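Worksheet: one structure, shown below.
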Amino acid sequence: MMQADEGEAMSRLARYQTVLDTCLRDFNGRVIKNYGDGSLCLFDSTLDAANCAVSIQEALQLDPKVPLRIGLHLGDVTFRQGDIYGNDINLASRIESMGVAGSVLMSAEFWRKIKAKNIYHATSLGSYHFKNVEESIEVFALSHDSIIVPTKGDLSGKLARKRKSYNLTSLIGGIILVGVIAFLLFNLLGRNSRSESE
């Protein structure tokens, strides 16, 4: 957006900040860190976080529209020297990176907490291995009125590279092949050395 029209981009960014500030006040949230075109926010309640996310996306779908992805996760954080740390922050960031404009994605852990409230519906998008995260994480898309639910084909983001897997049959076949080659070479070299000595 900055490349296309810097003035328009700054206007959309100001609108995003205004909507964010209003919704955070309404749902007891606070900005922990701003990243220029995004924000890390903290809530005392998962339901407040979900309500705030929906409210933000609904407001930003109105003209002038602001394309925004939201990722939600539940976990512990540590505050130190005015900054915030924690593996769960990284995970929330990974989940957000998979989204599309207008979507609200969340971890299975987060969804389990709000599911019982019977306010929202969600669609599982499958389990993913994220960069620098050991276990696979199931990701859900919040489904509500004007909220966008991406398809699996729409998803990209900070995923781990796929590990190569080798099945046992291929491995045994490879070992046998190497053994046969070694046997043939041994016999060939043996014959050559016998013929030279004769």
* **Tail fraction, Cα-Cα pairs, the stretch 38-112, threshold 18 Å, whole percent** => 40 percent
* Take the alpha carbon atoms of the stretch 17-75, find their radius of gyration, then divide it by 2.2 N^0.38 Å using N residues; give the quotient. => 1.05
* Charge sum, other residues only, whose C-beta stays under 14 Å from N34's C-beta, Lys/Arg counted +1 and Asp/Glu -1 -> -1
* Asked: When the scattering of the stretch 8-132 is computed by the Debye formula from its Cα atoms alone, each counted once and equally, what is log10 I(q)/I(0) at q = 0.14, 0.16 Å⁻¹?
  -> -0.61, -0.81
* the stretch 38-61-the stretch 111-132 distance, computed between alpha-carbon centres (Å) -> 15 Å
* **Cβ-defined net charge surrounding W111, 13 Å radius [Lys, Arg +1; Asp, Glu -1]** => +2
* Summing Lys, Arg as +1 and Asp, Glu as -1, what charge do residues with Cβ under 15 Å from the Cβ of F140 carry, F140 excluded? -> +3
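Read-outs throughout are calculated quantities, based only on the coordinates presented, and are distinct from any laboratory measurement. Computed from a predicted model, the values in this text were never measured in an experiment. Cβ coordinates were reconstructed from backbone atoms using ideal geometry, including for glycine residues, and neighbour counts include every protein chain displayed.
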